[in-house]
Structure formats: structure tokens, C-alpha cells
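A short worksheet on the structure shown next.
Read the figures in this text as sums done on the coordinates, not as results from a lab. All values reported here derive from a predicted model rather than from experimental measurement. Methodologically, a virtual Cβ is constructed for each residue, glycine included, from the backbone with ideal geometry; neighbour enumeration extends over all protein chains shown.
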Amino acid sequence: MENNLRVYSWNDIASGNFFPRSQLLAAGYEGTALTVGGFDGAHLGHQALFDAVLSQKKLLPGVITFGTSPKARLNPENFSGSVYTMEQRLQCFREAGFAFVVVIDFSGDFGRMDGVTFLQHLKERLYMAYLAEGTDFRCGYKGAVNIDFLRDFSLKNQVVLEVVDPVIADGVRISSSEIRNSLLEGDFARCRRFLGRNFALGGSCLQWHWRHDSLVGTRRRGPCGCLQILPPAGSYPVVLHCRTREGFHGDSGERLFSWAGKVLVQGEFVELLLPADFAASLPVACDAAEALVVSSLEFTV
């Protein structure tokens, strides 16, 4: 089977738009190994779940996640933003080695689905044979299904359940909420310890405007769930990661560029001051606004 990450919607799964069981068996897989969660930040606690799933070599590894944060849906006025955009989460799943991801939109009937029906879909439509979850797992309408219920379901439905203990750092359980709080305080070192990598703003979370001496980003706000958390006002060292636009100058593949500098964060805006010789430093002669797409802004504090 292909090594590229396949992305499905819940509607795809409900419509039977997944690998036929015969195709899995022909590829040497006895079923799928799954983990379900928001996975905002794909931090070290999440990575413990990923490692458990990916250790099941006879099962096709997959992730079930959500397009928007539950906090963004239930209390949007007080939602400061996600740690990662959906695009960044997908990249983490891809780099980890997952074969597929199912992205769930809570609108419509799914938001009212009970937990048992949800789990039965995973068993019957995704051929779930193994499930890794944390001790605080909940699913279904109003979170009615907890880890104890999940143990009972797994036993009755021949699913191997592995309950993974929390990962502790700095005396607390690593969680997306702890990372959000650290970002709001500007504590990037703590974020790095919890994420296992530097925090980065995703290129898609900001509307970018190239100027002759700076690059300005305005935080996007909309129904798509791409709202990403911004650090407090200040000046921070960063690395700007860009790529060429598809088809620019007839290139068959994208080209990647990076520059180190400082970014100013103020309210809903970020501004990266560009060196005077920025244009001349580009690996190809081009107009940055026309040729380059911002991939991410990595904070290297």
C-alpha cells in the first residue's frame, strides 16, 4: 500500500469510502490500529499514543481527529487559539508514519452521535483491531463514553485496548492546555520541552502581506477552525520558512527557503523585519510576494 498519508472525512467513512478489507489483507494487514483525539500540538503525550499505535506492525496505523477544537465550538469568545493548525497536525501525522487520518467535523448528525455508535463505526467500517487511548479518554454525545466503558466495549468486540499513561514534565501532565498557557506567557522553552520541538505559527493561520522591508501577518478569524494562538506582545527570534508557489517559473517541484530574524508581535499582527539585501539573498531571482508562500514561522527563543 502507498506510504503517503491519506486524509478522509467522516462522511467518507460513513459512505464506505475506505480501503476494502480485501485490500488490507492483500497488503499484509489484519486490520487497523487507531488512536482518537484532538492532538493539538502533537506533543510528547500524544507521541506516546502514536508510538503505541505504530508499534502494531501487522495493523494499518491511523488517527481519528477533529477539524476544530471543542473549546472553539463551545466557547468561541474565550478561545485564545489552537496550538497547531490542521495543516501542521497533518504534517505531524505524516512525519510520524501514519497511513491515514480521519478528520471529523462536529456539525450535523455527528455532534449528536452516541459513543457506542461511534466505536461501532470504527470497528465495522475501519476494521479497528487495536486502540490506544489516554486515561482521560471520552467520546460520544456529551462525552458519555469514558475509559471504563471503552474497556468493556473492547473486550466484547475483540479490540485490543492499550491505555497509555500520561507523560509528566516539570511536575505536570503534558497537555495542550498547559502548552497554550505557556504560549500566552511567552514561555517558549517550556513549550519546547512539552512539544519536543520549537513552537511555530503555521503559514495558513495568518494573512500575509509582503512589503519592501518587512513581512506582515494578520491573524485569520473565521469558521474554518484555523485560529492559532499568538504569543504576547514582544520581539522574538524566529526562522521564517517559505516555499515557492506551485508552477512558479515552470518549476516541477517546490523549492524551500529559510531566513533567521526577529518578529514583532502586537495584538492580532506579527511583523518580520527583512534585511536590506533580502531580495538579493533569494536563491532565485523573483518577486517574493508573487513567488513565495509562508510555510511557518518558527520561534527559536
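Summary value for the chain: 18 percent relative contact order, contacts being C-alpha pairs under 8 angstrom separated by 6+ residues.
Between the C-alpha center of the stretch 37-71 and that of the stretch 176-225 there is a gap of 21 Å. Here r is the Cβ-Cβ distance between residue 264 and residue 197 and R0 is 25 Å; the resulting FRET efficiency, rounded to 0.05, is 0.60.
Between residue 12 and residue 144, the FRET efficiency estimated from the beta carbon spacing at R0 = 25 angstrom works out to 0.50. Under a cut-off of 19 Å between alpha-carbon atoms, report the aspartates and glutamates in cross-link reach of residue 156, not counting same-chain residues fewer than 8 places apart. Residue 156 reaches 30, 114, 124, 133, 148. Look at the dipole of the chain built from charges on Cβ: of 155, 60, 259, the Cα furthest out on the positive end belongs to 155. Measuring r between the beta carbons of residue 277 and residue 218 and using R0 = 25 Å, the FRET efficiency lands at 0.45. Secondary-structure-derived ellipticity at 222 nm for the chain, considering helices only, amounts to -7500 deg cm²/dmol, per-run term -39500 (n - 2.57) for DSSP H runs with n ≥ 4. The mean sequence separation of alpha-carbon pairs under 8 Å and at least six residues apart, normalised by the residue count of the stretch 64-207, gives a relative contact order of 22 percent.
A crude spin-label estimate for the pair residue 165 and residue 255, with each label 7 Å from Cα along the Cβ direction, gives 5.1 nm.
Length available on full extension from residue 22 to residue 189: 0.36 nm per residue minus the Cα-Cα distance, which gives 55.3 nm. Per-peptide packing, taken as the mean over residues of other Cβ atoms within 10 Å, places 45-56, 12-23 in the sequence 45-56, 12-23 from highest down. Stretching residue 80 away from residue 94 to a fully extended chain increases their span by 2.4 nm, per 0.36 nm per residue minus the current alpha-carbon distance. Evaluated with a Cβ-only charge set (Lys, Arg +1; Asp, Glu -1), the chain carries a dipole of roughly 380 debye about its Cα centre, given to the nearest 20. Taken along the Cα-to-beta-carbon direction at a fixed 7 Å, the label points for residue 57 and residue 117 span 4.0 nm. A straight chain from residue 177 to residue 109 at 0.36 nm per residue would run longer than the Cα-Cα distance by 21.7 nm.
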